[in-house]
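The values are calculated or read from the model by the stated rules, or taken from the named source; none is laboratory data. This structure is a prediction, so every number in the text was calculated from the model and none was measured. Counting neighbours? That spans all protein chains shown, and the Cβs are built from the backbone with ideal geometry, glycine included. With ligands, DNA and RNA removed, areas are computed over all heavy atoms of the protein, side chains included. Shrake-Rupley method; radii C 1.70, N 1.55, O 1.52, S 1.80 Å.
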Amino acid sequence: MNPYALSILLSSLAVGTITTLSSSHWFLAWVGLEINTLAMIPLMTKMHHPRSTESATKYFLTQAAASALILFSTIMNAWATGEWAIITMNDNSSTFMLTIALSIKLGIAPFHLWLPDVMQGLNLTTCLILATWQKLAPMSLMIMTNHQLNTNLLITMAVLSTVIGGWGGLNQTQIRKMMAYSSIAHLGWMTLVLSFSPNLTALNLMIYLMLTSSMFLMMTTLNSTNINKLSTSWLKTPLLASSMMITLMALGGLPPTSGFLPKWLILQEMTKQHLGAVSALMAMSALLSLFFYLRLSYAISLTTAPNTSNSNMTWRMTHNQMQILPTMITLTTVMLPITPTLLAMLN
């Protein structure tokens, strides 16, 4: 892609998200979401492949439907209350439609079916943007309107998301689809605690962005898109392969990695709200996700390819675009001891 066109598209992505994050008026927030969507579609189609065209079409149709539903719900709310401010969603039917629309935008179950197919047709860099940056604007709107959203609806979608996110990733061989189902499961954890503690949702979002970014950056460095390619990574870059294994354990929520922190705090908050059955179901559904993370870790670290590797061990990276990767990998492991500091910052 032309560097000038790429810079314009990435700038538009940034402008769209920042517009939504900084707005207090529904129409301005909607405009930011539209800029975001329109800037993302050319990035998806830059591969000139039928799969990427299909992904861009599916993404456009789902996002356009969600945007129309957001606009419709805010107009209904303005008709009923006379207010366009984001924090004044007081009409029940408007709030219900808004929850569904933002769930479609994020890919929360049962509105998740577009996400694995779209991510499978994209290259790893565009997948990284879709799985991280594109979550910021819709999730910020959910956090801003958290006190007006239907709690029972959010809990139902959260449990569905974690179960489907774990179940869907079990039989996959493509890592991009696994990461899509991982995203669905993590969104379920964020949605669960949204009504009770939006600060915990923000903390979970921050750690999810960090873990997913480091995972996609490592996949880009190793040029791996399926499990078979991962099995040769230990021969070429053992340090990076072991780092990927730690990051996968963090995504699964195993202590003492950073991924354990949000799950622990969310389950603690849910038991305080006397929702023990929901907490138990969420904890058990997290084991489903952990299984396919362990499957990936096994393929990386405990299997070697049957063929002889002809490439020398790349003990030194010849390219410099991954300078942020060591920082991301370090953060996936060391954030648990600073939990009190993070909670104090959010409160």
> Tally time: how many residues in the range 209-230 are without any contact (Cβ under 8 Å) to a residue 60 or more places away in the chain and surrounded by 24 or more Cβ atoms within 10 Å (Cβ to Cβ)?
Replying inline: 1
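In the list 7, 67, 24, 94, which residue meets the criterion of being open to solvent by 80 Å² or more (accessible area, probe 1.4 Å), more than 18 Å from the chain's Cα centre (by Cα), more than 22 Å from residue 177 (Cβ to Cβ) and of a type outside the set (Phe, Trp, Tyr)? Spell out the reasoning first.
Working: 7 fails: open to solvent by 80 Å² or more (accessible area, probe 1.4 Å); 67 fails: open to solvent by 80 Å² or more (accessible area, probe 1.4 Å); 94 fails: open to solvent by 80 Å² or more (accessible area, probe 1.4 Å).
Of the residues listed, the single one that is open to solvent by 80 Å² or more (accessible area, probe 1.4 Å), more than 18 Å from the chain's Cα centre (by Cα), more than 22 Å from residue 177 (Cβ to Cβ) and of a type outside the set (Phe, Trp, Tyr) is 24.
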> What number of residues in the range 150-177 are assigned to a helix (DSSP H, G or I) and either farther than 18 Å from residue 271 by Cβ or open to solvent by 10 Å² or more (accessible area, probe 1.4 Å) (or both)?
Replying inline: 18
> Restricting attention to the range 72-91, which residues are assigned to a helix (DSSP H, G or I) and open to solvent by 40 Å² or more (accessible area, probe 1.4 Å)?
Replying inline: 72, 75, 76, 79, 80, 81
>> I'm checking my understanding of the structure. Among residues of the range 178-208 that are touching a His at 6+ places or on another chain (Cβ under 8 Å) and over 14 Å from residue 136 (Cα atoms), which one is most open to solvent (accessible area, probe 1.4 Å)?
In response: 195
>> Consider the range 116-148. How many of its residues are more than 12 Å from residue 179 (Cβ to Cβ) and open to solvent by 10 Å² or more (accessible area, probe 1.4 Å)?
In response: 13
> Taking the range 99-115, which residues are open to solvent by 10 Å² or more (accessible area, probe 1.4 Å) and part of a loop (DSSP other than H, G, I, E, B)?
Replying inline: 110, 111, 112, 113
> Would you pick out the residues in the range 272-303 that are open to solvent by 50 Å² or more (accessible area, probe 1.4 Å), over 24 Å from residue 195 (Cβ atoms) and either in contact with a strand residue (DSSP E or B) (Cβ under 8 Å, 6 or more places away or on another chain) or in a helix (DSSP H, G or I) (or both)?
Replying inline: 287, 291, 294, 295, 298
>> Quick check on this structure: which one of 345, 317 is modelled with pLDDT under 80, closer than 18 Å to residue 206 by Cα, open to solvent by 70 Å² or more (accessible area, probe 1.4 Å) and of a type outside the set (D, E, K, R)?
In response: 345
>> Filter the range 258-271 down to the residues that are touching a residue at least 60 places away in the same chain (Cβ under 8 Å) and either within 14 Å of residue 194 (Cα to Cα) or open to solvent by 30 Å² or more (accessible area, probe 1.4 Å) (or both) and list them by number.
In response: 260, 262, 263, 265, 266, 269, 270
>> Considering only the range 39-50, I want to know if a residue exists there that is within 20 Å of residue 136 (Cα to Cα), more than 19 Å from the chain's Cα centre (by Cα), among the aliphatic types (A, V, I, L, M) and open to solvent by less than 50 Å² (accessible area, probe 1.4 Å).
In response: no
> Can you name the condition, by its number, that residue 310 falls short on among (1) modelled with pLDDT under 80; (2) in a helix (DSSP H, G or I)?
Replying inline: (2)
> When residues of the range 233-245 are filtered for being open to solvent by 40 Å² or more (accessible area, probe 1.4 Å) and among the β-branched types (Val, Ile, Thr), how many remain?
Replying inline: 0
